[in-house]
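So the structure is just underneath, and the comments pick up after that.
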Amino acid sequence: METSSSELKIPKSPVVILMIGMAGSGKSTLMHRMVVRLGSSSSKVYTVNLDPAVKNLAYPVNIDIRDSVNYKEVMKHFGLGPNGAIMTSLNLFATKFDQVLNILSKRAGELDYILIDTPGQIEVFNWSASGQIICDALAVTYPTVICYVVDTARCVKPVTFMSNMLYACSILYKTKLPFLVSFNKIDVIPHDFLMEWMEDFEKLGEALSRETSYVASLSKSMSLAMEEFYRNLRSVGVSAVTGAGSEAFQKAVQDAAVEFQESY
Ligand code: GTP
């Protein structure tokens, strides 16, 4: 088996991968894909589910927020709607996160990866205290990488793509952790056009020609402001369903973990 230089640099400490992204972007499916892939290459993987409202998960869950917090009860008790109840459930769980860290520390010596699934309410990570508490607590002990999952098929409109990238940028800004954008669902549509938009301002301009002049000029100004973010962005195209791009994903995670160890 080939061993890359970045693999060699990773010490015996599990790499934490936090899957963050819009609802339906494919976080849980990508979790499942990576559990299968990493497991079959004899890596030891541990999984944490932080989505209190998810019904079924295809991968085996080791630590599950649903075992500690009943999201439906949170809704009733605090008189909240679904989104508010998810945020509050995460806040409640964050107060017990030391228990999660204790469990992880007992297993850490035998693990290679800790994969963490999160709810589609990504404001948990750029707004609410719980995301910050969870990220900080993990990053103090383990190389921690944010994997921002994007639904490629839903980004064909440049304005939607721009809006998603602004969210991504705000997550990076808030967490300050090594960041990997995974353009998912490339079995539906390859992600090359998104790479072009990030690399070539003119290409984005062409794609924006069907928008009103105000939206087009705002998007162009924003994309100029995003240039620095794009330039340093680590990104891969994947299909959580077919497994395409899994190898590149794993390599990018390892590179990001190396960046963590060199800079944090
Ligand atoms: P939330 O839990 O709502 O935040 O969603 P999620 O981000 O965890 O997405 P999930 O994994 O539940 O996937 C949402 C839908 O997209 C499901 O129907 C998946 O089967 C589908 N899906 C996920 N990844 C892929 C992919 O790579 N290709 C295709 N074609 N469909 C995918």
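Once C-alpha pairs closer than 8 Å and six or more residues apart are averaged by separation and normalised to the residue number of the chain, the relative contact order reads 25 percent. Assuming R0 = 22 Å, what is the FRET efficiency of residue 68 and residue 110, from their Cβ-Cβ distance, to the nearest 0.05? Using R0 = 22 Å, I get an efficiency of 0.40. The alpha-carbon of residue 44 sits under 19 angstrom from the alpha-carbons of these lysines, leaving out residues fewer than 8 places away in its chain: 9, 12, 106, 251. Sequence-distant contacts, meaning Cα pairs under 8 Å at least 6 residues apart, place the relative contact order of the stretch 1-147 at 42 percent. Give, as a single signed number, the net charge of other residues whose beta carbon lies under 13 Å from the beta carbon of residue 198, with Lys and Arg counted +1 and Asp and Glu -1. Value of the local net charge: -4. Our summary of shape: the Cα atoms of the chain have principal axis extents of 55, 54, 34 Å, ordered from largest down, in whole angstrom. Here the chain carries DSSP beta bridges of which approximately 0% are antiparallel, counting only pairs with both residues inside. Solvent-accessible surface of the chain, taken per residue with a 1.4 Å probe and all protein chains present: 48 Å².
If packing is taken as the average number of other Cβ atoms within 10 Å across a peptide's residues, how do 241-250, 97-106, 29-38, 126-135 rank, most packed first? Before the final figure, lay out each step's value.
On the way: 241-250: 17.1, 97-106: 13.9, 29-38: 21.3, 126-135: 18.8.
My ranking of the peptides, most packed first, is 29-38, 126-135, 241-250, 97-106.
Rounded to the nearest percent, how much of the accessible area of the stretch 92-134 (1.4 Å probe, protein heavy atoms only) is carbon and sulfur?
After summing per-atom areas, the C and S share lands at 55 percent.
The spacing between the stretch 213-264 and the stretch 73-129, judged by their C-alpha centroids, is 25 Å. Packing-based ranking of 159-171, 187-199 yields 159-171, 187-199, ordered from highest to lowest mean Cβ neighbour count within 10 Å.
The values are calculated or read from the model by the stated rules, or taken from the named source; none is laboratory data. Keep in mind that what you see is a predicted model, and the values were worked out from it rather than measured. Cβ sites come from the backbone with ideal geometry, for glycine too, and all protein chains shown count toward neighbours. Just the protein is used for accessible areas: all its heavy atoms, side chains included, with ligands, DNA and RNA removed. Shrake-Rupley method; radii C 1.70, N 1.55, O 1.52, S 1.80 Å.
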